[in-house]
Each structure stands twice: as C-alpha cells, then as structure tokens.
Amino acid sequence: MNTKLKWFSLFLMASFIVACDSGSSSDTDKEEVEDCSIDTDGTVKVFSPKGGEVFHIGDSITVKWGAKYADGTGFRILYYFDEESQALDLTEESVGPEAPKGDQCYSVQVVLDGDDFPASDAAFITVRDYSNGSVSGKSKSFQVVE
C-alpha cells in the first residue's frame, strides 16, 4: 500500500473514532429524555415537577410540559399551595408556544417567591392556556418549605 493511501486510511479511522466518542458514557451525564408527544387537541401534560420534591421559598424551579392546542394563546404557570387555594401566577406574561403541535417538551424557569408566599405540604403547578382555563395540566404534588 502506498504512503498516501496509508495516511488517508489512518485519517479516516481516527475521524471515525472521534465521531463515535461523544464524550462520557456515564448515565449520570445524560439528560433524561421524556416523550412529550400529545395526541389529543386541547391537552396539556406537566412532566416537572414530578411530585415528591422539596423546594424552598425563593427557589427557582423548572416547569416542563407538553401540549397540543391549535387555538392556544401561550400558557400561564400557576402555583397552588393546596387543592382549595387561589392560584398564584408565576409568570408575568404568556410562555411557550401559541399553538403547540403536541410533538415536543417546553420548559420555563419560575421562582417560588413573592409577598406572603405560602409554604405547603401539598403544593402543585398548573400549566394553563393563557386565555382558556379549561385547557390545562397539573403536576403531581410537592412540598415547599421556608
């Protein structure tokens, strides 16, 4: 085999090894991928908070959801400290897409804070269409402490 061909073959093998090694193979380094596919129009599903977490007042948390709603106007992220409470709006304006197609996850960071923000043993988040409250999804319950 001539020298040029040997170097070319070596280069190809090195390129293949680099392309196949995307870094660490540790499972702890991989982000959890969730299937946020929604089939039914007018549906919202909240994936995070997952339930059982303990947050502190003032914490920033990630709310992740999937939705399919052709007539959407964006979404509100609402905090409830129990089933009987009034909602506290955690976003100043609509977030997320206006007409999600049900094929991906959306996420937003919110802060569990405000004047007289209530702690709770049974808090939950609702992601609701900004204009149509009947189109919403609810997280599992979590705890908020001082």
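The values are calculated or read from the model by the stated rules, or taken from the named source; none is laboratory data. What you see is a predicted model; the values in this text were computed from it and never measured. For neighbour counting, all protein chains shown are included, and Cβ atoms are generated from backbone atoms with ideal geometry for every residue, glycine included.
Assorted remarks:
- For the residues Asp35, Asp71, Asp27, Asp59, the requirement of being under 16 Å from Ser107 (Cβ atoms) and modelled with pLDDT under 95 singles out Asp35.
- Complete set of residues in the range 43-80 that are in a loop (DSSP other than H, G, I, E, B) and either over 12 Å from Arg128 (Cβ atoms) or without any contact (Cβ under 8 Å) to a residue 24 or more places away in the chain (or both): Pro49, Lys50, Gly51, Gly52, Glu53, Ile57, Gly58, Asp59, Ala70, Asp71
- When the range 81-99 is limited to residues that are outside any strand (DSSP E or B) and aliphatic (A, V, I, L, M), the one that is nearest to the chain's Cα centre (by Cα) turns out to be Leu90.
- Test: Phe117 is at pLDDT 95 or above, over 16 Å from Cys36 (Cα atoms) and of a type outside the set (Lys, Arg): no
- Residue pairs whose Cβ atoms lie under 6 Å apart, separated by 6 or more positions or on different chains, with the first residue in the range 100-128 and part of a loop (DSSP other than H, G, I, E, B) and the second loosely packed, with under 13 Cβ neighbours inside 10 Å and among the charged types (D, E, K, R), are Ala119/Glu146.
- Within the range 46-75, considering residues that are more than 21 Å from Pro100 (Cα to Cα) and among the charged types (D, E, K, R), the one surrounded by the fewest Cβ atoms within 10 Å (Cβ to Cβ): Lys50
- Among the residues making up the range 98-118, those that are within 11 Å of Tyr79 (Cα to Cα) and of a type outside the set (Asp, Glu) are Val110, Val111, Leu112, Phe117, Pro118.
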